[in-house]
Amino acid sequence: MTQKVLMKGNEAIAEAAIRAGCRFFFGYPITPQNELLEYMARNLPKVDGVFLQSESEIGAINMVMGAACTGARVMTSSSGPGISLKQEGISYIAGSELPAVIVNIMRTGPGLGGIAPTQSDYYQAAKGGGHGDYRLMVLAPSSVQEMADLMFLAFDKADEYRNPVMVLGDGVLGQMMEPVILPEPKEGNAVEKAWATTGKGNNPESKLITSLYIKPEEAEKFCEHLAAKYRTMAEKDTRWESYRAEDAEIITVAYGTAARLCMAAVDMARDKGIRAGLIRPITLFPFPSAPIYAAAEKGARFLTVELSTGQMVDDVRLAVNGKSTVGFYGRSGGMVPDPRDILSQIEQIESEKTGTTAATEGGAA
Amino acid sequence: MARAIFQEDRCKGCGLCTAACPTGIVVLDASRLNSKGFQPAIVTDKEKCNGCALCARMCPDLVIQVER
Amino acid sequence: MAKIVFTRPKSMKDVVTHYCPGCHHGIIHRLVGEALDELELAPKTIGVAPVGCSVFIYDYIDTDFIQASHGRAPAVATGVKRALPDKFVFTYQGDGDLAAIGTAEIIHAAARGENITVIFVNNAIYGMTGGQSAPTTLVGQSSTTTPKGRTSQNDGFPIQVCEMLNTLQGPSMISRVAVQTPAQVIRAKKAIRRAFQCQVEGRGFSFVEVLSACPTNWGMTPLDAGKWLEDEMIPYYPLKDFRVPEGVQ
């Protein structure tokens, strides 16, 4: 029977992860994701799972790696500074082709920054984050419901691709309470993990999980293999949502909390007769370049909105590839824009349509 | 009769076995090189080997098998 | 019919190692292999090999292996053991790995009494990167990064890992051994076997430090290196059973 409950985003992620078959959690406290860790500490033992608070973020991600090597569904969560510390391990997990789920409930940075919500870890998440030629699949929920739903997808895709998946939320989503219908629990792993190191038993060959390729020929082959995997991800698993974008002349591009604000701004603009819309990337990697390019070809102009000084806007510009203009509006440091501020930006672009053809500030025409 | 069999091509000529042999019959053969380019360890006087395997215990390269 | 009284342990692959002539890693690998054989652990073993000369241990010991990042083996092993408590999990770490970059991981795995076994190979230097100073480099010992010898004023003092871990309640067994003579090899073998037995019996964290020679980076012949280990290392790193649980074979 479906269950509708009022939950904090952090707790919805934790509960959904357990329902998705996650039985191992290793983590370290950091605001604003502590409820996730605490929920796991209370509830994983009830399903014979293991919760362990590690000595450090580095310890946590390496424990995740160890459990992932056995084929278990395992996750960790953190925020900005903690995610930076985990990057070494994330690179090894990607380099060892292990499935794992990492949640980043973004807080402001750089440095210690602050605990207020932001989207300033986009580059780190969408471009790999640690050393080496790798990518994470990055899922960006924009509601508590979607946080819960995407956890199932996160574990499934991690297993399918043998690749770490990051769920990228922000302090607003982590802390806010919304009604959520919890997905039905899932038993067992969908994918057989013949590669897992569980002891060789009676098998003639022992198994090795490594990211070490000392011969350049083999290392290149491996990097090409990873690149092919990411291309498959792009073909099969690019996700986005369009909102009133079909006939839009001005399209906002935003994810997570910023997308919620844009939705409100789009409605206000439509009420004023401006044909505005939204393209909301759900996967930040692979990035939904195709629908953005398609809209650009049809003549739409773009406004990227982020809770940062501008990171995803680079990918929007690459997607548009000079076909149209790309503006940017962002607030940073934990400041969250009012939808009316976004509306003003949309109106500004609208007013330029009838005047000169000059690009909006920061445009890529 | 005890004997220590040296897989000569695995030997790296470190000489740890030579110091371990209580009867002093294991030496590095200075007159030649093995396929790796090392002077290999050999037994000079096979009759004297008592099969104690101390040479084998000190060998880092599993060169030596001992039979008794 | 002659009986074979000494040969390669079954759990070791029939390959030549990459180690330099006279490097003690080969002896220590063999002792691990012998202990795995005797306790019939190989089929249920997952080893963890972090960065350093011994990262290639997986090419020599025929069990499942995970290659971990520098210093993190105890955390990786923790993840494995928590997921598979009935399997046998050990790490094999050098002194740069364990006593410098991996200090947090080893201390906390020990403090938790994590039911894993750690083989800690201390040769007082960074081997794989070419002989730089390690946390275990002796005062006065020269290295490529302490060319005039380690000074306590500039570089501080070498860490005695067994003594440090012995302040914690978590470990079930802590021993320091060496392999520079046949008698020490036999002692070291017993310690490694006992450490494995501790884990099998669920007694928690077991730790064996093995003093080891690095003739190449010490700039000595293998036999001189053994003598240097005896004369210089053992006085600072005394061979000792720091903690032995009762009733373990």
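The values are calculated or read from the model by the stated rules, or taken from the named source; none is laboratory data. Values in this document were obtained by computation on a predicted structure and should not be read as measured data. Cβ coordinates were reconstructed from backbone atoms using ideal geometry, including for glycine residues, and neighbour counts include every protein chain displayed.
For segment A:295-319, the set of residues classified as within 18 Å of A:A276 (Cβ to Cβ) and part of a loop (DSSP other than H, G, I, E, B) consists of A:K298, A:G299, A:A300, listed by residue number.
Answer yes or no as to whether C:D97 is assigned to a loop (DSSP other than H, G, I, E, B), more than 8 Å from every other protein chain (Cβ to nearest Cβ) and closer than 25 Å to A:A100 by Cβ. So C:D97 fails the test.
Residues in segment A:42-63: is at least one basic (K, R), away from chain C (no Cβ under 14 Å) and more than 19 Å from A:D156 (Cα to Cα)?
Applying the first criterion (basic (K, R)) to segment A:42-63 yields A:42, A:46.
Okay, now just the ones that are also away from chain C (no Cβ under 14 Å), so A:42, A:46.
Narrowing further to those that are more than 19 Å from A:D156 (Cα to Cα): A:42, A:46.
Within segment A:42-63, one or more residues are basic (K, R), away from chain C (no Cβ under 14 Å) and more than 19 Å from A:D156 (Cα to Cα).
Looking at segment A:277-287, can you tell me whether even one residue there is over 20 Å from the mean Cα position of the chain (by Cα) and either assigned by TED's automatic domain parsing to the domain that holds A:A254 or among the β-branched types (V, I, T) (or both)? Explain how you work it out, then say what you get.
Taking segment A:277-287 and keeping what is over 20 Å from the mean Cα position of the chain (by Cα), we get A:277.
Among the residues that remain, those that are also either assigned by TED's automatic domain parsing to the domain that holds A:A254 or among the β-branched types (V, I, T) (or both) are: A:277.
Yes; the residues of segment A:277-287 include at least one that is over 20 Å from the mean Cα position of the chain (by Cα) and either assigned by TED's automatic domain parsing to the domain that holds A:A254 or among the β-branched types (V, I, T) (or both).
Please work out if B:V66 is under 11 Å from the mean Cα position of the chain (by Cα), buried (at least 16 other Cβ atoms within 10 Å of the Cβ) and more than 9 Å from chain C (Cβ to nearest Cβ). Here the answer is no, as B:V66 does not meet what is asked. Residues in segment B:1-56 that are crowded, with 16+ Cβ neighbours inside 10 Å and away from chain C (no Cβ under 13 Å): B:I25, B:D29, B:I42, B:V43. Residue count for segment C:95-127 satisfying the condition of being among the aliphatic types (A, V, I, L, M) and free of Cβ contacts under 8 Å to residues at least 60 places away in the same chain: 5. Put simply, of A:A265, A:A319, A:A296, A:A300 the only residue that is buried (at least 24 other Cβ atoms within 10 Å of the Cβ) and in contact (Cβ under 8 Å) with a residue 24 or more places away in the chain is A:A265.
For residues that are over 12 Å from the mean Cα position of the chain (by Cα) and not in a loop (DSSP other than H, G, I, E, B), tally how many sit in segment A:126-144.
If we filter segment A:126-144 for residues that are over 12 Å from the mean Cα position of the chain (by Cα), which is where we start, we get A:129-134, A:143-144.
Checking which are not in a loop (DSSP other than H, G, I, E, B) leaves us with A:144.
Matching residues across segment A:126-144 total 1.
Residues of segment C:80-94 that are more than 7 Å from every other protein chain (Cβ to nearest Cβ) and part of a helix (DSSP H, G or I): C:K81 alone.
From the list A:S78, A:S120, pick out the single residue that is away from chain C (no Cβ under 14 Å), in contact with a Lys or Arg (Cβ under 7 Å, 6 or more places away or on another chain) and buried (at least 24 other Cβ atoms within 10 Å of the Cβ).
Only one candidate qualifies: A:S78.
The number of residues in segment C:57-79 that are more than 7 Å from chain A (Cβ to nearest Cβ) and either within 22 Å of C:T17 (Cα to Cα) or of a type in the set (D, E, K, R) (or both) comes to 6. When C:P43 is tested against the conditions (1) assigned to a helix (DSSP H, G or I); (2) in contact with a Gly (Cβ under 7 Å, 6 or more places away or on another chain); (3) at the interface with chain A (Cβ under 9 Å from one of its Cβ atoms); (4) within 19 Å of C:G94 (Cα to Cα), the lone failure is (4). For segment A:33-115, no strands (runs of 3 or more DSSP E) sit wholly inside it while including 3 or more residues that are farther than 17 Å from C:A75 by Cα and not assigned by TED's automatic domain parsing to the domain that holds A:L226.
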